[in-house]
Protein chains: 2
Amino acid sequence: LEKMKKNADLTWRSICRIGEEDPRRVLHSLKVGLSLTLVSLLSLLEPLFKGIGQNAIWAVMTVVLVLEFTAGATLRKGLNRVLGTLLAGALAFLIESIAQETGQVFRSIFIATTVFVIGAASTYMRYFPYIRKNYDYGVLIFLLTFNLITVSSYHVHNYVLKIACNRFYTIAIGCGICLLMSLLIFPNWSGQDLHNSTVSKLEGLATSIEACVNEYFSDEVVVHVAKGESLEDPIYKGYKSVLDSKSTDETLALHASWEPCHSKHCNRFPWQQYVKLGDVLRHFGYTVVALHGCLQTEIQTPRSVRALFRDPCIRVAGEVSKALTELASSIRKHQQCAPQILSDHLHKALQDLDTALKFQPRDLSGVSLSSVKTESTEWKLKRSSEQVKEAERKVLRPTLSKIAITSLEFSEALPFAAFASLLVEAVARLDLVIEEVEELGR
Amino acid sequence: LEKMKKNADLTWRSICRIGEEDPRRVLHSLKVGLSLTLVSLLSLLEPLFKGIGQNAIWAVMTVVLVLEFTAGATLRKGLNRVLGTLLAGALAFLIESIAQETGQVFRSIFIATTVFVIGAASTYMRYFPYIRKNYDYGVLIFLLTFNLITVSSYHVHNYVLKIACNRFYTIAIGCGICLLMSLLIFPNWSGQDLHNSTVSKLEGLATSIEACVNEYFSDEVVVHVAKGESLEDPIYKGYKSVLDSKSTDETLALHASWEPCHSKHCNRFPWQQYVKLGDVLRHFGYTVVALHGCLQTEIQTPRSVRALFRDPCIRVAGEVSKALTELASSIRKHQQCAPQILSDHLHKALQDLDTALKFQPRDLSGVSLSSVKTESTEWKLKRSSEQVKEAERKVLRPTLSKIAITSLEFSEALPFAAFASLLVEAVARLDLVIEEVEELGR
């Protein structure tokens, strides 16, 4: 009993968490329940049933299959459904009127052949990228409706048109309820989702790049390999959502393009531009991943050498992060961004990094590294003891990486050069991001 | 007429191209056509119709909605459909038998309330990650069937069980045809697709990294920015499919896990391991993206300096590429890979790179760069003339990158250090790849 109570408690908590993550989910569930109740009234209320009869099931089916989370997705599915049904009804009527002229046996063969051809052709059509993107559901519904009408009307002569009409009316009622629910009652807009996710991606990257550089120059030795890619790592958390956002972005943009104008900003924001910005952000993200990789490599520049460049690097990262945050807030407020202010500070920070690199060239060449050797070796010992622990946890650490470690004593300055270079690369990428955000603001 | 002929020709060519890209598409279309014809025989053949009647439409519906491209997807949808239908039928029967005990008005209210509660609850359930991943379609079908039975049985007293049974029989027939078509007649396996895509991803990365390093040290100045991310760029083409493979991989692995054992290798290959390998490959891909970024940055190390490290770098890249190709072929042949052979050559190449870096440290520090200044400036002029051309094509090149170019004359050695460091990073990542492939081979 104790265990059951505990289980029920756990279940209840996970139910609550789903709702807390996004309260619109609760609202959407209630909306679906309400729509289904409304549509089942078609059958439950005696006067309505007299008019519609068993065709009410088509309205039910429409509501279950068409009502989606966002308005754009619902509109897209609804229009696809109506178009598919209309075309299928028309084609079925045509086929039936041709078949009616002939004898019983020929009629069966003719219908079977048509079913085969239409089935194969429309399945093949779904592989066209354009149709797949926009009308996949419509083609499916076309195929479904065509077959249902053909099969169910075979034994009901001279009746096809009436079946098609009745079904169409009830489907239209179902679509009407779906549109009402998704467009008028607490609507969720795909466009809004896309907008918000773009803003949060920019902010995530800003956090990520700043945390990354801070960690690189921090004095505590953090066991990076152990943390790996856990969600607690703020750096990973920041860029994670950016990396795999391609398909989500594209779906949201597709749905958003079906949505009517619902706020004063909608005309000014072409959704395809958000997808483009997403592409550029993803590439910015790859640079951040590479920067993050610098924290995790086997060979590391000694901390004393790094400390020489600490100040300018942190400032560059801070400026990049600030720029990203400002871009995010300008998108959030639907304002034109003003990147000119940023470039001055960024330029100054870059120049300082430049100066720092210029005046410490000896430390960056392998020859003069001997002075910091002791510190480096000591640090390496620390590191290797960590690695033993790490090896105990992991089953088998391959031999290759050990070779890499031992053979690369010379190039301890190399990783820092890579780090600095990637930071400059990030600035160059920031450029492209600003360009796309400006395009978006136009 | 001429124009129409041209259009028809174009359409025909694009129809052929879709089929040529993957001939299984044609086969699948024919299979769908055949299944639909078979299922419509239930209605077209008089003796069969006598037994089944109008319930044949449920078999048609099942075939249209369940038959998918791969066996795993079909099995998953079919089982979901059967489970959903069974549960919905049972629940509808229970509700109906409770409602039957009461008066007419109370019965309507009771049913409407149930429809609301079940609708809201099952929509909410679809947000649970576990259910969303495995049983999303099943919940949808449950909701659909429950509502259809409830609505259509309201006016048909004492009849629910019969409706549910008949419907279940025909759905079972539909599922049977789907299973026959997808498992026995030219089956497409998701597992096979996943296997092949993993192999081609490994090969793509191998091509990519080799092409990248070769291009870095090649003497021709290629206009990289102009090529950008076009598909003709062999480097981009190689890693492109890796980067956004997460969702495809996961779907394929999910479907593959539903597939029965169909070859002698299937038990030895847990599909989740392919997903893990995909993760590691994606991270390897990010390093390749960063390497590719080195070819495209604004600041470049002079070619004369690069040439000093040409040989070891190209050898390291060649070894990495060779290792990836061998891993790909060992996966393709379902063999245990033998990475020990590789590490020797790779180690030698790494050591040579090491030596090269050790004996040319002056060229890598900013101080001694004056000797190569002339060459560098000349090359820069070349580059800036390209950039003018580039600027003419693009509408507006932002100001920031120009600042970056002018201010970063000092650090021309930096990009090469980044390049070398990323190459070493790639070797370290290769390590993880080998580890996962070994795990897969076990």
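No lab work stands behind these numbers, since they all come straight from the coordinates. Because the structure is a prediction, the values reported are computed rather than measured. For neighbour counting, all protein chains shown are included, and Cβ atoms are generated from backbone atoms with ideal geometry for every residue, glycine included.
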**Prompt:** Which distances, shortest first and in nm, link A:Ile185 to the matching position in the other copies, using label points set 7 Å out along Cα to C-beta?
**Reply:** 4.5
**Asked** What is the order of A:Phe284, B:Phe106, fewest Cβ neighbours within 10 Å to most?
**Response** B:Phe106, A:Phe284
**Complete:** Shape call for segment A:1-76, from the Cα gyration tensor axes a ≥ b ≥ c (a/c under 1.5 means rounded, otherwise prolate when a/b beats b/c, else oblate), comes out oblate
**Message:** Just to confirm the numbers: B:Ser329, label point 7 angstrom along the Cα-Cβ line, distances to the other copies in nm, shortest first?
**Reply:** 5.8
**Request:** Find, to one decimal place in angstroms, the Kirkwood hydrodynamic radius of segment A:1-133, where the mean of 1/r is taken over every pair of different Cα atoms and then inverted.
**Result:** 19.5
**Item:** Cβ neighbours within 10 Å from other chains - mean over A:308-317
**Value:** 0
**Message:** Using a 10 Å cut-off around each Cβ of peptide A:347-356, what is the average number of partner chain Cβ atoms that fall inside?
**Reply:** 3
**Prompt:** So how far apart, in nm, are the two label points at A:Lys333 and B:Phe93 if each is 7 Å from Cα heading toward Cβ?
**Reply:** 6.4
**Prompt:** What's the local net charge at B:Asn80, with K and R +1, D and E -1, over the other residues with C-beta under 14 Å away?
**Reply:** +4
**Message:** Take B:Ser218 and A:Thr355, extend 7 Å from each Cα along the Cα→Cβ direction, and tell me the distance between the two endpoints in nm.
**Reply:** 4.1
**Request:** Quote to one decimal, in nm, the extra length available between B:Ile131 and B:Leu308 on full extension: 0.36 nm per residue of separation minus the C-alpha distance between them.
**Result:** 57.9 nm
**Item:** Efficiency of FRET from Cβ geometry, A:Ile18 and B:Leu86, R₀ 22 Å, rounded to 0.05
**Value:** 0.30
**Request:** Grab the other residues whose beta carbon is less than 14 angstrom from that of B:Asn134, score K and R as +1, D and E as -1, and report the net.
**Result:** +4
**Item:** Label 7 Å beyond Cα on the Cβ vector: A:Ser97 copy-to-copy distances, nm
**Value:** 5.0
**Asked** Modelled label-to-label distance, B:Asp344 and B:Leu27, 7 Å Cα→beta-carbon offset: nm?
**Response** 4.3
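Just to confirm a number: summing +1 for Lys and Arg and -1 for Asp and Glu over residues other than B:Met181 whose beta-carbon lies under 14 angstrom from that of B:Met181, what do you get? List each step's numbers first, then the result.
Numbers: positive: B:Arg24, B:Lys31, B:Lys77; negative: B:Glu68.
Residues near B:Met181 contribute +2 overall.
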**Request:** Per residue, how big is the convex hull around the C-alpha atoms of segment A:106-224? Give it to me in cubic angstrom, could you?
**Result:** 200
**Item:** Relative counts (whole %) of C-alpha pair distances in segment A:98-154, using bins that are 5 Å wide
**Value:** 4, 19, 23, 20, 14, 10, 7, 3, 1
**Fill in**
Checked against a 18 Å limit on the C-alpha separation, the offending pairs among B:Lys237/B:Lys333; B:Lys50/B:Lys162; B:Lys133/B:Lys246; A:Lys246/B:Lys246; A:Lys31/A:Lys246 are B:Lys237/B:Lys333; A:Lys31/A:Lys246
